[in-house]
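One structure below.
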Amino acid sequence: MKVLIVGGGGREHAIASAVARSPQVDKIYCAPGNAGIAKIDEIVPIGVMEFDALADFAVENKIDLAIIGPDDPLVGGIVDVFCARGIRTFGPDKKAAVLEGSKAFSKDLMKKYGIPTAAYECFDDPKDALSYLETAKMPIVLKADGLALGKGVLICNTLEEAREGIQTIMVDKKFGKSGNRVVIEQFMTGREVSVLSFVDGTTIKTMSSAQDHKRAKDNDEGLNTGGMGNFSPSPFYTKEIDDFCQSHIYQATVDAMAAEGRPYRGVIFFGLMLTDEGPKVLEYNARFGDPEAQVVLPRMKNDIITVMNACIDGTLDKTDLEFSEDAAVCVVLASDGYPEHYEKGFPITGFEAFEGKDDYFCFHAGTKFDGDKIVTNGGRVLGITALGRSIPEARSKAYEATKWINFENKYMRNDIAGSVK
Ligand code: GLY
């Protein structure tokens, strides 16, 4: 069969590697892909928001399955466009992808169906938001309603910071129309865990847990990023927590979406906070996490094509997910200055050290070809993942492998998975 993967980051490289392991697949295309994905797929120079051009390509090339990686095209309705053209597609349609596309929608859904989450209020008018803040308890969390490249969440420690946040999101419109509405949410403390799942409209099967490190600098300092590294499984995500989440959060969310006339098919990513009062939902995403996919998919034993087809056909109840006993750690190599200002275009060397090793992965995120050289082309450049018998073993292998790669402004955190002994 022929597969088209839409996207071009580390997540799509991890998806492409899993798809390439399927004996059902003869040919993989990736649009727009990147320099690493080009090693396993044919890359197609069409952007992720060019829905008609992508659909034309899929029809002309007789694609049997399209897999949509990133949030923007999902929330923008690419699955609806593809399905209308008869293209079999893995991912939620526009009505369902609103679970990630609108934070106000997802918070209202959780409130209506009793799914545990932080207390919140939504505001369309900055004046109302500011007057609410006058009596609110700090710290507090401000979230732009729509997509904002993972940067639309501000944690404010003082009233002054919160006022500035409202100015940034709703008045200066730093995140464009995503900031027309804001969710103001109680600040939760605890350990964060990411749980990805496959969903077929009624059945949900969760993948192994992961824990992300979102801040740019060691000790969780610096700005929020898309993720600077992570590990899987999370030893803090116990059987007892999983039992609670399966019924009160995961299945409850799938049932709530179906009851709202928005049946969900695809991946739901649950961002959870393990609080003193029990697990609560921090956020939903309508896709694989990045870099979560880079530690979870290398551990998945199932044929990903079979699982994705079960999601589309509504037969996921007949599939059990299996994960390797090995742990995985991913360390992101970024361009110094990310997530703000950074230079790109620097040649990257050292890829050959990964060849022939099946317990090491070098996932490309922001890379491209410059002639026959591979150069940096983004804030997050590469995800270096290693497998090991324990998190500490995988961690020490991943950090060793970060030394194999060189580029001029290479930057990484040094404490990924460091709290796991
Ligand atoms: N790592 C967080 C995300 O994918 O949104």
### Task
With r as the distance between the Cβ atoms of residue 52 and residue 215 and R0 = 41 Å, compute the FRET efficiency 1/(1 + (r/R0)^6) and round to 0.05.
0.60
### Message
Need the full-extension length gain, residue 186 to residue 315, defined as separation in residues times 0.36 nm minus the C-alpha distance. One decimal, nm.
### Response
42.6 nm
#### Entry: Tensor-based shape of the chain (alpha-carbon gyration tensor, a/c under 1.5 rounded, otherwise prolate or oblate)
rounded
### Task
Enter the accessible area per residue of the stretch 174-331 (Å², integer; probe 1.4 Å; all protein chains in place).
37
### Query
Using alpha-carbon pairs under 8 Å, 6+ residues apart, how would you state the relative contact order of the chain in percent?
16
### Task
Indicate the helices, whole DSSP H runs only, in the chain that combine a mean Kyte-Doolittle hydropathy of 0.5 or more with a Cα extent along their long axis of 18 angstrom or more.
none
#### Entry: Selected from 265, 299, 163 as most flexible by GNM, with the chain as the system and alpha-carbon contacts under 10 Å
163
### Query
With Cβ to Cβ distances under 9 Å as the rule, what net charge do the other residues near residue 290 carry (K, R +1; D, E -1)?
+1
### Query
In the stretch 1-103, which trypsin sites (Lys or Arg not before Pro) fall in coil by DSSP and have 11 or fewer other Cβ atoms within 10 Å?
62
### Over 30 Å between alpha carbons, listed pairs 112/205; 95/214; 2/368; 143/403; 214/344; 62/177
143/403; 62/177
### Query
residue 83: accessible area at probe 1.4 Å, nearest 10 Å²?
70
### Value of [θ]222 nm, deg cm²/dmol, for the chain, DSSP H segments ≥ 4, -39500 (n - 2.57) each, nearest 500
-7500 deg cm²/dmol
### Query
Which value, in Å², gives the accessible area per residue of the stretch 1-112 when a 1.4 Å probe is used on the protein heavy atoms?
37
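Once the Cα gyration tensor of the stretch 247-379 is found, what semi-axes does its equivalent ellipsoid get, as square roots of 5 times the eigenvalues, in whole Å, sorted largest first?
Numbers: eigenvalues 233, 82, 50 Å².
Taking √(5λ) for each eigenvalue gives 34, 20, 16 Å, largest first.
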### Query
Counting other Cβ atoms within 10 Å, which GluC sites (Glu not before Pro) in the stretch 253-327 have at most 13 and lie in a DSSP loop?
277, 322, 325
#### Entry: Chain lengthening between residue 354 and residue 137 when straightened (0.36 nm per residue, less Cα-Cα)
73.1 nm
### Query
Among 80, 358, 200, which one shows the biggest mean-square fluctuation in a GNM of the chain, springs joining Cα atoms closer than 10 Å?
358
### Message
If you count only protein heavy atoms with a 1.4 Å probe, what accessible area per residue comes out for the stretch 121-165, rounded to a whole Å²?
### Response
54
### Task
Would you work out what percent of the accessible area of the chain, with all protein chains in place, is carbon or sulfur (probe 1.4 Å)?
49
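The values are calculated or read from the model by the stated rules, or taken from the named source; none is laboratory data. Since the model is a prediction, treat every value here as computed from it, not as a measurement. Neighbour counts are summed over all protein chains in view; Cβ atoms, including those assigned to glycine, are modelled from backbone coordinates with ideal geometry. In case anyone asks, the SASA skips ligands and DNA or RNA and just uses the protein heavy atoms, side chains included. Shrake-Rupley method; radii C 1.70, N 1.55, O 1.52, S 1.80 Å.
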